[in-house]
Amino acid sequence: MKLPSARNNGMNMIDISGYALLNLLLLSLSIYSCRSTVQAEQDDERTYVSVAIAENVLFNHTVTTSGRLSPGSELRLGFKTGGIIDSISVREGQYVSKGDNLASLNLSEIRSQLRQAELMYEKSRRDYERTGLLYADTVTTLEQLENTRTALEMAESSLIVARFNLDHSHISAPSDGHVLRILAEENEIIAPGYPVLLFATTVDEWLLKVTVTDRDIVHINHGNRAGVRFDAYPDIAFKGHVTEIAGMADPYTGAFEVSISLSSSGYRLISGFIGRAVIFTSKNDNYLKIPADAIVGANGRNGKIFKYENGHAKRKSIIIREITDSGMLVTGNLKEGDTIIVDGSRYVKDGQHLIITDIW
C-alpha cells in the first residue's frame, strides 16, 4: 500500500482549511443579514410623530342666530275715533318734526257731535242757574237743584269728550322721526284705534329681534353682550346687548324671541335689515383644547385620540364639546398637560413604539 506524499497531504490540508474558511464567512454573512433584518423590522415598527400638550381653557358659550332689525321706538299711530280718512300728508320714509300733521279724518260728523255737546252744556248750565234762584226763593226743592247740577256735570263731561275726540281726529308726529309704513289710504273708513302709520323716532336705538331654541334660551340673560353684522356692512361688528327675552315659545315655531339693542355707531341702518348675531351667554365651562388633527375617529360627539405614554401610543376615548378656530375642546380620559399625538396619528397603532420629532 502506497502512502500519500507530504506534498499531497499539505495540499489537502490547505484545501480543507479553505473550505472551512469559506463556510465560516458565509455563516457570518448570514448572521449579519439576520441581524440587519431584525434591526430593520424594529426600525419599521417605530413611528415618527409630532405631539401637542393638552391645554385647559375656560370656554364662554355663544349662541349664533339671525333676525330682523327694527327701530327701538317703533310706534303704531292711529285715530282715537273712527271715520273717513280725509288726508295723509306724508309718504313712506319721510322725515318729520315733532308736532307735524301726518293724517286727518273728515271732521263733519265730529264737529257736529262737538256742537251738540256745547249746546247741551249751555242748556244744562242755564237750567242749573234758574233752579238755583228758585231754590233760594223756596220755590223748588233741593232734589230738583241736585238733579240739575248732575245734568250740568254730565253735559260738561260730554263736552270734554267731544273736544278730546276732535283733537285726536288728526295724527301729529309725537317726536322727530320718520314714517316707516303707511297702513291705510285716503277716503278709507277706519275703525277707532286701528293703526294708520308706522312711525319711528330719531333716537339712535335699534332692536334686532332673533329667535333661539329652548336649549339656548336657558343660558341667555338680560345684559348679555352680542355682536351683530349686516350684509350692508360685512366688515363692521356692531356691539349690542340683550334687552328682552320672551317668557314663552312661539306656538307655531316653538322658538323663543330675544331682542338685542344696538346703536348705529354712525352708520345708516334701515328697518328691515337682516342681521346675524352672536350672543355671549352666561355659561362658562372648563375644557381641554387639542389640535383638530389629533382626532383619529369620531362618531357624533364621541371621538378617539392617541396619547403618548412612556414612549408608546395609548388609544383614548374623548367627548368633543366645541369646535373653535384654534382647536377642539374636549373632555374625557385626559388631563391638562397630557401629550397628544398629532401628525402621524392616523398611522399609529395602540401600543406602538413612537419617536417624537416635533412639539406643537
Handout entry: Cβ-Cβ under 9 Å pairs, at least 6 apart or on other chains, region 210-229 side surrounded by fewer than 16 Cβ atoms within 10 Å (Cβ to Cβ), far side acidic (Asp, Glu)
Key = His222/Glu244
Handout entry: Residue tally, condition surrounded by 15 or more Cβ atoms within 10 Å (Cβ to Cβ) and part of a strand (DSSP E or B), over region 279-311
Key = 14
Completion exercise
Among (1) β-branched (Val, Ile, Thr); (2) part of a strand (DSSP E or B); (3) in contact with a Ser or Thr (Cβ under 6 Å, 6 or more places away or on another chain), Ile110 falls short only on (2)
Practice task
Report yes if Arg46 is at pLDDT below 80 and under 30 Å from Asn333 (Cα atoms), otherwise no.
Solution key: yes
Problem - Residue list for region 159-195, restricted to those being among the β-branched types (Val, Ile, Thr) and surrounded by 15 or more Cβ atoms within 10 Å (Cβ to Cβ) - result: Ile171, Val179, Ile182, Ile190
Fill in the blank from the handout: Taking region 77-90 and keeping only residues that are charged (D, E, K, R) and at pLDDT below 90, one is left with Lys80
Fill in the blank from the handout: Of the conditions (1) over 25 Å from Gly83 (Cα atoms); (2) under 52 Å from the mean Cα position of the chain (by Cα); (3) aromatic (Phe, Trp, Tyr), the single one that Tyr135 does not satisfy is (2)
Practice task
Confirm whether Ser70 is among the polar types (S, T, N, Q), in contact with a strand residue (DSSP E or B) (Cβ under 8 Å, 6 or more places away or on another chain) and surrounded by 18 or more Cβ atoms within 10 Å (Cβ to Cβ).
Solution key: yes
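Yes or no, residue by residue, for (1) in a helix (DSSP H, G or I); (2) within 30 Å of Ser89 (Cβ to Cβ); (3) of a type outside the set (Ser, Thr, Tyr):
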| site | (1), (2), (3) |
| --- | --- |
| Gln116 | yes, yes, yes |
| Leu119 | yes, no, yes |
| Glu122 | yes, no, yes |
| Thr138 | no, no, no |
| Gln144 | yes, no, yes |
| Ala151 | yes, no, yes |
| Ala155 | yes, no, yes |
| Ile171 | no, yes, yes |
| Leu180 | no, yes, yes |
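The values are calculated or read from the model by the stated rules, or taken from the named source; none is laboratory data. These figures come from a predicted structure and were not determined experimentally. Quick reminder, even Gly has a Cβ in these numbers, built from the backbone with ideal geometry, and neighbours come from all protein chains shown.
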